[in-house]
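**Student:** The structure follows.
The values are calculated or read from the model by the stated rules, or taken from the named source; none is laboratory data. A quick note: this is a predicted structure, and the numbers were derived from the prediction, not measured. Cβ atoms come from the backbone with ideal geometry, glycine included; neighbour counts cover every protein chain shown. The area values use the complete protein model at the heavy-atom level, side chains included, leaving out ligands, DNA and RNA. Shrake-Rupley method; radii C 1.70, N 1.55, O 1.52, S 1.80 Å.
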Amino acid sequence: MLLQGQTAIITGATRGIGRSIALRFAHEGCNIAFCGRTRSEAMLAVEAELQALGIQARGYAADVADYASAQAFVQAVAADFGRIDILVNNAGITADAAVKRMTETQFDQVVGTNLKSVFCMTKAVQPLLWKQGKGSIINIGSVVGIAGNYNQANYAASKAGIIGFSKSCAKEFAARNIRVNVVCPGFIATEMTDQVPKELLDTWCSRIPMKRPGTTDEVAQVCLFFASDMSSYLTSVVLPVCGGMEDA
Ligand code: NDP
């Protein structure tokens, strides 16, 4: 098994891509600490699903956009699990609008949840990974952070920011054998994309050379590659997982 006995923190794993990453890692023997904003029914269900695979798993209520909350989350995981080997910064939101109609709140919420959270969580785990002299940080970006998108200037800015932040951390952490990579999904079918109108979804699919949305597990498999020693000489990589979309 590729991650036997390791511990991963996955933010935003109560559903969607984060849940698939948690399950994929757990199938490889990895212990899983994950969070959502509240200890919801969905969190309890994922926790039970993971524990049934015979690994240590626990869901935590944490707002990763809040510095103190992220610090408390990581401290609790370190106390409960004893070590942290992998961090997947997956939690993310959208609040779409054209720039001329976008409110300050829409901008701040999206950048706070998607980008500041990556800073908060990286700050919190960095001393532990540094002491261990090994670690893998995987940040979930988006093809929208590379190419931009209509009505998503806030989201695109947050995801482009993740790329710059990750490449800087990759340089700072490389000598301690801590790798930092970015996985940029294209159009992946989840609850988040369920909110998008059907006509728009059809248009998106028509522009994908593979003519279909990706699955959450297709993103999780790429995260597994970056988490494991299969990618031991890769850092600062930005990898689109998008069915061949041209401008990604
Ligand atoms: P979902 O909306 O399905 O899930 C988002 C997760 O993030 C939930 O578990 C939610 O937990 C959690 N979350 C949101 N805000 C916070 C917060 N402040 N603190 C802690 N947890 C939080 O999203 P997806 O699975 O679709 O997306 C996952 C990631 O992939 C995101 O970063 C997204 O931007 C990115 N992405 C998705 C694409 C897609 O097509 N789906 C395409 C490209 C990128 P809860 O609600 O329980 O608090």
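**Student:** I'd like to know if the range 129-140 contains one or more residues that are aliphatic (A, V, I, L, M), farther than 18 Å from residue 160 by Cβ, open to solvent by 10 Å² or more (accessible area, probe 1.4 Å) and more than 12 Å from the ligand (Cβ to nearest atom).
**Tutor:** Within the range 129-140, not a single residue is aliphatic (A, V, I, L, M), farther than 18 Å from residue 160 by Cβ, open to solvent by 10 Å² or more (accessible area, probe 1.4 Å) and more than 12 Å from the ligand (Cβ to nearest atom).
**Student:** Another question about this same structure. Under 7 Å by Cβ, and 6 or more places apart or on different chains, what pairs join a residue from the range 31-42 that is closer than 14 Å to residue 19 by Cα with one that is at pLDDT below 95 and near the ligand (Cβ under 6 Å from one of its atoms)?
**Tutor:** From the range 31-42, no pairs qualify.
**Student:** Output the number of the condition that residue 28 fails; it satisfies all remaining conditions of (1) touching a residue at least 60 places away in the same chain (Cβ under 8 Å); (2) within 15 Å of the ligand (Cβ to nearest atom); (3) open to solvent by 10 Å² or more (accessible area, probe 1.4 Å).
**Tutor:** The single condition residue 28 does not satisfy is (2).
**Student:** Moving on. For the range 208-248, which residues satisfy the criterion of being surrounded by 14 or more Cβ atoms within 10 Å (Cβ to Cβ) and more than 17 Å from the chain's Cα centre (by Cα)?
**Tutor:** Of everything in the range 208-248, those that are surrounded by 14 or more Cβ atoms within 10 Å (Cβ to Cβ) and more than 17 Å from the chain's Cα centre (by Cα) turn out to be 208, 213, 231, 234, 243, 245, 248.
**Student:** Only one of 72, 78 is open to solvent by 50 Å² or more (accessible area, probe 1.4 Å) and either near the ligand (Cβ under 9 Å from one of its atoms) or not hydroxyl-bearing (Ser, Thr, Tyr) (or both); which?
**Tutor:** The match here is 72.
**Student:** Please verify whether the range 228-244 includes one or more residues that are among the small types (Gly, Ala, Ser), farther than 26 Å from residue 128 by Cα and assigned to a helix (DSSP H, G or I).
**Tutor:** Within the range 228-244, none of the residues are among the small types (Gly, Ala, Ser), farther than 26 Å from residue 128 by Cα and assigned to a helix (DSSP H, G or I).
**Student:** Now for a separate question. Do you know which residues across the range 83-120 are touching a residue at least 60 places away in the same chain (Cβ under 8 Å), more than 13 Å from the ligand (Cβ to nearest atom) and open to solvent by 20 Å² or more (accessible area, probe 1.4 Å)?
**Tutor:** Within the range 83-120, just 83 meets the criteria.
**Student:** With the checklist (1) assigned to a helix (DSSP H, G or I); (2) in contact with a helix residue (DSSP H, G or I) (Cβ under 6 Å, 6 or more places away or on another chain) in hand, flag the one item residue 183 doesn't pass.
**Tutor:** (1)
**Student:** If you don't mind, there's one more thing I want to ask. For residue 168, which of the numbered conditions (1) more than 10 Å from the ligand (Cβ to nearest atom); (2) under 15 Å from the mean Cα position of the chain (by Cα); (3) assigned to a helix (DSSP H, G or I) fails to hold?
**Tutor:** (2)
**Student:** State whether one or more residues within the range 55-62 are at positive phi and of a type outside the set (S, T, N, Q).
**Tutor:** No, the range 55-62 contains no residue that is at positive phi and of a type outside the set (S, T, N, Q).
**Student:** Shifting gears a bit: Before we move on, is residue 136 of a type in the set (Ser, Thr, Tyr) and in contact (Cβ under 8 Å) with a residue 40 or more places away in the chain?
**Tutor:** So residue 136 fits the description; yes.
**Student:** Restricting the range 143-186 to residues that are among the aromatic types (Phe, Trp, Tyr) and out of contact with any strand residue (DSSP E or B) (no Cβ under 8 Å at 6 or more places or on another chain), which is least open to solvent (accessible area, probe 1.4 Å)?
**Tutor:** Taking the candidates together, the pick is 155.
**Student:** Here's another thing I want to ask about it. Can you say whether residue 199 is out of contact with any Phe, Trp or Tyr (no Cβ under 7 Å at 6 or more places or on another chain), of a type outside the set (A, V, I, L, M) and within 11 Å of the ligand (Cβ to nearest atom), as far as the supplied structure shows?
**Tutor:** no
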